[in-house]
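The values are calculated or read from the model by the stated rules, or taken from the named source; none is laboratory data. Quantities reported herein were computed from a predicted structural model and do not represent experimental measurements. Reconstructed Cβ throughout: ideal geometry from the backbone, glycine too, with neighbour counts over all protein chains shown. Each accessible area value is taken on the protein alone, full model and side chains, heavy atoms only, with ligands, DNA and RNA left out. Shrake-Rupley method; radii C 1.70, N 1.55, O 1.52, S 1.80 Å.
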Amino acid sequence: MRKSNLASIFEGLSSLGLSNTKGVVWNLNPAELVSEAIKNGDGMLTDTGALMCDTGKFTGRSPKDRYIVKDDITKDKVWWGDINIPYDEAKFDELYKKVVNSLTYKKLYIRDAYAGADEDYRLKVRVIDTQAWHNLFCYNMFIRPKKEELEDFHPDFTIIAVPEFEAVPEIDGTRAKNFAIINFTKKIILVGGTGYTGETKKGVFSVLNFLLPDKSDVLSMHCSANMGKADDTALFFGLSGTGKTTLSADPNRRLIGDDEHGWTNKGVFNFEGGCYAKVIDLKESSEPEIFRAIKFGAILENTRFIPGTNSVDFTNEEVTQNTRVSYPLHHIPNSVQPAVGGHPNHIFFLTCDAYGVLPPISKLSIGQAMYHFISGYTAKVAGTETGINEPVSVFSACFGAPFMPLQPTKYAELLGKKIMENDVDIWLINTGWVGGPYGVGERISLKHTRRLISAALNNELKDVNFEKLPIFNLEFPTEVSGVPSEVLSPRTAWDDKAAYDETSGKLAVSFQENFKPYEDFANEEIQNGGPQLQKEASMEN
């Protein structure tokens with residue numbers, strides 16, 4: 001580290017109230033951080049060179065413990081509620097002092113990085129970690145500045161992540177000992193009591209989701225993106241388990257990113273510099289790009305070895321089903337660098353409909369696109385969580401409600417505007433069940449889903465016949481090369497048509513009930529984009 005860099009870092013730390021630290025290391029490279037993590041007893045190398053680590057008590061995010069400080073900047077703009085939970089300014093100041101005091105004489109791993117591949121919209125981020133492997137995660141997931149860009153780096157936001165620090169709820173005003181708090185006035189994200197690295201990356205995503213649409217008319221999106229040989233861009237929205245990462249990692253297309261993007265008046269750009277993929281039951285044969293990215297520099301979270309080896313057992317869910325891998329985007333050979341693309345030609349909304357009601361592919365109008373975007377529907381299946389014995393509907397606004405500080409219709413209307421301006425085709429893709437619900441029907445094969453997406457991308461569906469699905473009013477193709485016709489029509493695929501109609505009605509009611517909090521904010525076009533049931537029918541179902 002050059003002296004000027006060192007002086008700048010310490011000046012920045014001092015302004016944060018940090019002093020008397022045991023040591024500060026800045027922007028270590030992956031080899032140095034891996035060495036530090038192993039020396040600290042926080043990780044082990046696998047046979048591919050990846051670092052295997054455990055996140056501790058928390059193996060996923062804790063949405064109920066994520067807060068936004070309510071102040072002059074946020075009080076009238078954030079959509080407060082169960083998702084965006086307000087936190088008192090004075091309480092933040094008190095808790096912040098405790099966290100800072102806990103860092104006295106501790107070694108700190110500091111990283112300066114960018115969030116945003118488009119230079120016009122990027123956020124400068126400084127991350128302060130107490131664990132080396134957490135800092136390696138940030139190396140992977142954020143965009144790595146060039147050396148000359150670090151010479152005069154002044155962060156827009158600072159993240160302080162201290163997993164070992166726990167709050168005292170009755171004093172600090174938190175729900176539990178763990179917390180993730182965003183302060184837009186002080187431009188700080190404070191994370192404590194949890195070792196789950198996803199809290200850091202999603203904290204930055206939440207910041208961008210607040211700043212970009214409100215200030216610069218940029219649509220921030222929880223989606224993956226890739227690009228074809230003709231530089232045609234496609235976006236994939238979907239909740240966990242719907243195939244967002246899998247379907248965007250296409251060997252025939254170049255990857256822009258797997259999770260977080262912005263859509264400007266120029267096109268699409270990745271917020272991140274890496275990927276954070278699920279690896280439970282990962283196989284090279286089905287997901288070769290992800291499998292081969294797990295090499296030196298990658299971090300595996302909460303996985304286990306095959307006994308007697310240092311080879312990863314990807315089927316092992318001893319710790320969690322949410323096993324993950326983090327790796328820099330350049331681990332994917334056909335990734336786009338820099339990670340930007342043009343306006344999308346196609347957008348895919350992915351849902352795993354465990355009820356077997358929705359078509360494997362259907363084309364959406366702009367109104368339907370905005371409605372389904374706000375709804376963010378999928379379904380959990382029996383056996384995935386304790387107490388779930390039959391399919392359960394799950395809705396997450398904008399396919400990422402926990403990270404969206406603004407009212408969801410703001411994002412939806414911006415989406416509709418951009419779709420109309422750029423003549424984008426929108427598709428709803430069901431990666432779930434056909435011929436009946438979970439336990440009766442069959443899961444739609446990945447092979448068929450890939451063929452349907454390929455047909456849409458190649459404009460093969462421009463001249464085929466479409467039928468309309470009752471109640472949901474979704475238009476679906478009656479024939480697609482390589483996909484059996486009985487798979488395309490959900491009602492036809494059911495042996496018991498009356499049972500299909502009943503299930504379809506119940507799912508429609510679930511959509512309508514979920515949409516009620518948004519009705520007063522949604523325009524007529526959005527409201528007409530949802531399933532249409534008479535009130536009497538809704539009550540009967």
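General remarks:
- Length-normalised contact order for the chain - Cα pairs under 8 Å, 6+ apart - percent: 13
- Normalised by 2.2 N^0.38 Å, where N is the number of residues, the alpha-carbon radius of gyration of region 1-116 equals 1.37.
- For a straight C-alpha distance cut-off of 14 angstrom, the aspartates and glutamates reachable from residue 177 (same-chain residues fewer than eight places away being disregarded) are 65, 164, 166.
- From phi via Karplus (6.51, -1.76, 1.60), per-residue ³J(HN,Hα) for region 43-48 in Hz, x at Gly/Pro: x, 9, 7, 8, 5, 9
- Cα pair distances of the chain binned at 20 Å [whole percent]: 22, 55, 22, 1
- 24 Å tail of the calculated P(r), region 317-460, as % of Cα pairs: 46
- Counting only the Cα atoms, region 116-181 fills a convex hull of 122 Å³ per residue.
- Think of the chain as a dipole: +1 on every Lys or Arg Cβ, -1 on every Asp or Glu Cβ, centred on the Cα centre; then among 299, 16, 78, 16 lies furthest on the positive end.
- Globularity index of region 170-311, i.e. its alpha-carbon radius of gyration over 2.2 N^0.38 Å: 1.24
- Rg/Rh, computed from the Cα trace of region 336-383 with Rh as the Kirkwood radius, has the value 1.08.
- Signed unit charges on C-beta, dipole axis of the chain, positive-most listed residue 483, 110, 336: 110
- Cβ-based net charge around residue 82, under 13 Å, with every Lys or Arg adding one and every Asp or Glu removing one: +2
- Segment residue 460..residue 151, full-extension length gain: 106.2 nm, with 0.36 nm per residue of separation and the alpha-carbon distance subtracted.
- Estimated dipole of region 212-336 in Debye, rounded to 20 [Cβ of Lys and Arg +1, of Asp and Glu -1, Cα centre]: 260
- Of the two radii for region 42-184, the radius of gyration is 0.98 times the Kirkwood radius, both from the alpha carbons; that is the Rg over Rh value.
- Using a cut-off of 20 Å between Cα atoms, the listed pairs 229/283; 147/229; 244/363; 380/516; 202/244 include 229/283; 147/229; 380/516 as exceeding that distance.
- Rough spin-label spacing in nm, given labels placed 7 Å along Cα→Cβ, for residue 286 and residue 22: 4.3
- Separation between Cα centres of region 226-249 and region 398-413, rounded to whole Å: 20
- Sequence-distant contacts, meaning Cα pairs under 8 Å at least 6 residues apart, place the relative contact order of region 55-164 at 21 percent.
- Taken over region 289-381, the alpha-carbon convex hull comes to 167 cubic angstrom per residue.
- In region 211-268, a dipole from Cβ-located charges (positive for Lys and Arg, negative for Asp and Glu) runs towards its positive end, and of 212, 243, 222 it is 243 whose Cα lies farthest in that direction.
- Evaluated with a Cβ-only charge set (Lys, Arg +1; Asp, Glu -1), the chain carries a dipole of roughly 1380 debye about its Cα centre, given to the nearest 20.
- Residues in the chain average 41 Å² of solvent-accessible surface per residue, probe 1.4 Å, ligands and nucleic acids excluded.
- Sulfur and carbon atoms: percent of accessible area, the chain [1.4 Å]: 48
- Per residue convex hull volume, Cα atoms of region 81-160, in Å³: 150
- D (Stokes-Einstein, µm²/s), Kirkwood Cα radius, region 459-541, 1.306 mPa s at 10 °C: 108
- Estimated distance in nm for a label pair at residue 187 and residue 90, the labels positioned 7 Å out from Cα along Cα-to-Cβ: 2.7
- Cα centre as origin, Lys/Arg/Asp/Glu Cβ charges: region 1-136 dipole, Debye: 380
- Percent antiparallel among DSSP beta bridges (both partners in the chain, rounded to 5): 60
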